[in-house]
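The values are calculated or read from the model by the stated rules, or taken from the named source; none is laboratory data. Remember, predicted model here, so these are calculated numbers, not experimental data. For neighbour counting, all protein chains shown are included, and Cβ atoms are generated from backbone atoms with ideal geometry for every residue, glycine included.
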Amino acid sequence: VNRLLENEQDLPCVTPDGHALPLLVNTGLATELMAALKTRIAGVGLYRTEVPFMTTERFPGEQEQTTLYREQLAGFAPLPVVMRTLDIGGDKDLPYFPIDETNPFLGWRGIRVTLDHPEVLMVQLRAMLRASQGLGNLRILLPMITSIDEVDTTLRLIERAQRELNEDGITVERPRIGVMLEVPATLYQLPALAERVDFFSVGSNDLTQYLLAVDRNNPRVAGLYDACHPAVLTALARASREAAALEMPIAVCGELAGDPAGALLLMGMGFDALSMNTPNLPRVRAAIRRVSLANARALVDEVLQLTTCSEVWQHLEARLAEWQ
Ligand code: PEP
Ligand code: MG
C-alpha cells in the first residue's frame, strides 16, 4: 500500500471535483530531503525554531541563527516558509534555560517567554529578517498568543528589527505575519487579530488541550484528549468560516491535519491549507485525491450533528471505508 501511495506523491493534491488543497510540511531541523520534497509540497507551514535551539549549549547568536534560517529559506525558495518564533515552555525546555513550574502548560510559554525576554526575541527576529534578504518567502508565526496586546507589542518589535537592519544598510521587507490560533481566547477575537496580521494558523494540538482542559502529555487523561471531540470540531468549523468572512487565510498545522480523516474534515470546513509532518503526506494526499470537496463538506455537516467522540470516529471510519 505504501508503495502505491508513494507512486502518487508527484501527482497534484486535487480532489476528484477539482478542488486543490495546498499541503505543507512541519520542519524543525534542516532537512536533506528539501530538493525532493520541494516538488511535492506548497511550502513549509511550520518551522519550529525551538528544535535547533535544543541541540545547542546556549542561545544561538544572531549569525548562527541567520545561517540556520537561510538554509531553510533558500532551500525551499520560492515556496513560503512559515517560521515560528521560539515556542519554549510547556513540554519544551531548553537545557540552558530551564523553566520549572507546577502548571507549565498554563504558565510561561511561547510568546509570553519571548516578550519577557525581548533581547532573545530581537536576536531571532533580526536573524529571520537577515536570512530572508532577497528571497521574499519568509513568514513569521507567533505562538501562544492570548491577547491583542501581545500581538501589538510583537509587531512593534518586528518593525524595530526591520528598522535597525535598514539603518545598518541591510534592506529587508516586512514579511507576512501570522498568529497561531491555539489558545481558545483567540477564537473570540478573530476580527481584531485580522486587522493586525496577515494569516492564521490553527495549532490543533494545543487548541484541543486547552478547549478540553486535558494535558496533551499526561497518559492518565490521554483517553480524554481527542481533536475530534464535537466541541473542538465545532470550534474549528466556526474559526474557518469566520476567517473566510474576514478574508483571512487560515491553515491548520497541528497533528489533526496529518490524519487522513482529519484532513478531509478540515478541507470540508474550508481551511485553505494543511501543514503536517512529512511522513503523513502520502496518506493525506491519497485521501484528498479520492474524496470530492462536495463529499467532504457533506461529511462535515454529518459529523457536526454528532454528540460524542466515539460517534464521530465511527462515522469517519465508515465513510472512509466507503470511499477507499
Ligand atoms: C499545535 O499546538 O498544534 C502546534 C502545531 O504546535 P506545537 O505542537 O509545537 O505546540
Ligand atoms: Mg502549540
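List of remarks:
- When residue 252 is tested against (1) crowded, with 20+ Cβ neighbours inside 10 Å; (2) away from ligand 1 (no atom under 13 Å from the Cβ), only condition (2) is not met.
- Test: residue in the stretch 92-106 that is within 16 Å of ligand 1 (Cβ to nearest atom), assigned to a helix (DSSP H, G or I) and surrounded by 14 or more Cβ atoms within 10 Å (Cβ to Cβ): yes
- Exclusive hit being at pLDDT 95 or above and closer than 14 Å to residue 145 by Cβ, set 233, 211, 207: 207
- Qualifying residue in the stretch 248-266 (condition: farther than 16 Å from residue 23 by Cβ and touching a Cys at 6+ places or on another chain (Cβ under 9 Å)): no
- In a residue-by-residue description of the stretch 222-242, the property of being within 13 Å of ligand 1 (Cβ to nearest atom), of a type outside the set (Val, Ile, Thr) and over 20 Å from residue 304 (Cα atoms) applies to no position.
- Residue match in the stretch 114-126 (condition: of a type in the set (Val, Ile, Thr), in a helix (DSSP H, G or I), buried (at least 22 other Cβ atoms within 10 Å of the Cβ) and within 15 Å of ligand 2 (Cβ to nearest atom)): yes
- Restricting the first member to the stretch 237-261 and to residues that are farther than 12 Å from residue 204 by Cβ, and the second to residues that are in a helix (DSSP H, G or I) and of a type in the set (Val, Ile, Thr), the beta-carbon pairs closer than 9 Å and six or more apart or on different chains are 237/300; 260/284; 260/288.
- Considering the stretch 186-209, the residues that are of a type in the set (Phe, Trp, Tyr) and free of Cβ contacts under 8 Å to residues at least 60 places away in the same chain include one that is farthest from residue 133 (Cα to Cα), namely 188.
- For the stretch 281-297, the criterion of being within 15 Å of ligand 1 (Cβ to nearest atom) and either β-branched (Val, Ile, Thr) or outside any helix (DSSP H, G or I) (or both) is met by no residue.
- Within the stretch 255-268, the set of residues being assigned to a helix (DSSP H, G or I) and within 16 Å of ligand 1 (Cβ to nearest atom) comprises 255, 256, 257, 258, 262, 263, 265, 266.
- Cβ-Cβ under 7 Å pairs, at least 6 apart or on other chains, the stretch 163-185 side within 16 Å of ligand 1 (Cβ to nearest atom), far side at pLDDT below 95: none
Table: residues versus (1) of a type in the set (S, T, N, Q); (2) modelled with pLDDT of 95 or more; (3) within 20 Å of the chain's Cα centre (by Cα); (4) within 18 Å of residue 206 (Cβ to Cβ).
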{"site": "112", "(1), (2), (3), (4)": "no, yes, yes, yes"}
{"site": "133", "(1), (2), (3), (4)": "yes, yes, no, no"}
{"site": "148", "(1), (2), (3), (4)": "no, yes, yes, no"}
{"site": "152", "(1), (2), (3), (4)": "no, yes, no, no"}
{"site": "165", "(1), (2), (3), (4)": "no, yes, no, no"}
{"site": "177", "(1), (2), (3), (4)": "no, yes, yes, no"}
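- All conditions in (1) in contact with a Pro (Cβ under 8 Å, 6 or more places away or on another chain); (2) surrounded by 21 or more Cβ atoms within 10 Å (Cβ to Cβ) hold for residue 306, with the sole exception of (2).
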